[in-house]
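Report on one structure; see the data block that follows.
Here, each number is a calculation from the coordinates, and none is a lab measurement. Because the structure is a prediction, the values reported are computed rather than measured. We place every Cβ from the backbone using ideal geometry, glycine too, and count neighbours over all the protein chains shown.
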Amino acid sequence: MLKINKTILIFFGPPGSGKGTQAEMISKKFKLPTISTGELLRQEIKDRTKTGKEVEKIISKGKYAPERIIKEIILKRIKNKDVKAGYILDGYPRNKKQLNYLIKNLKQGEVNVLAILVDVSDKEVRSRLGGRRVCGCGATYHIKFNPPKKKGICDLCDSKLYIRDDDKPSVIASRLKIYHKEVAPILDYWNKNDKLIKINGEQSIEKVQKDIIKELKKHKI
Ligand code: AP5
Ligand code: MG
């Protein structure tokens, strides 16, 4: 069962919208850990675990990982003591089943929850993901909009950057299709409950960040 207290921020947005980039920045500023199901799954793949081997092909095709695995990795991560004051979710919940599970568990603790949608068009998504470069340590760059200091090398750990398997054009199309089908009903839920902040994601990384912080302050976070 999820143990929940205080602040929970949930980042939504299509693949490549910048939700991971923004979640990391907010995490540092508000001292809340980020729980990214995508990152957790990629770590399992990198570590060649049983889970990693099971999800590798699925993720590279842009499909969702099995519910059983998502529940497992979320529960494992949430047990960590660093989530005491709250946390940031990036990439979860992603369908109605996951939303219902989260809601069921949210009721059991005192919690201030807000959903943040980083809104960008499909056209912008394609342009961004084509230039994304990532590091095994979790850092994300863009060759034009957020380049590393040394070309192809991570600023944080000096490792070689690479292109994610699911950033191929055909896979991006499939991820976008699933996003629009599965995530829209979840956004409706937060919107109806007055818990949805919509941010224009088609601005510079810094401006998007400023807009998010402004909204969080309005909501006393
Ligand atoms: P996940 O890792 O969550 O991928 P995603 O949702 O497709 O989102 P991305 O990480 O691709 O994009 P982002 O919005 O974080 O953008 P970023 O900040 O990197 O999930 C991966 C896969 O895991 C899923 O497809 C699925 O298979 C599986 N999975 C995960 N969660 C699951 C779940 N709950 N259930 C089932 N399966 C699950 O930015 C993108 C690029 O743009 C970067 O290069 C960045 O530098 C650049 N950028 C960022 N902001 C700006 C800006 N404002 N202007 C210009 N460039 C920008
Ligand atoms: Mg991400």
Worksheet item: Which whole-angstrom value gives the distance between the alpha carbon centres of the range 127-182 and the range 1-77?
Response: 15 Å
Fill in: Candidates K71, K50, K19, ranked by Gaussian network fluctuation over the chain, Cα under 10 Å, top entry
K50
Worksheet item: Which of I70, I213 comes first, and how do the rest follow, when ranked by fewest Cβ neighbours within 10 Å?
Response: I213, I70
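So if we plug the beta-carbon distance of K84 and S60 into 1/(1 + (r/R0)^6) with R0 = 35 Å, what FRET efficiency do we get, rounded to 0.05? Can you show the working numbers first?
On the way: r = 35 Å, r/R0 = 1.00.
Working from the Cβ atoms, E equals 0.50.
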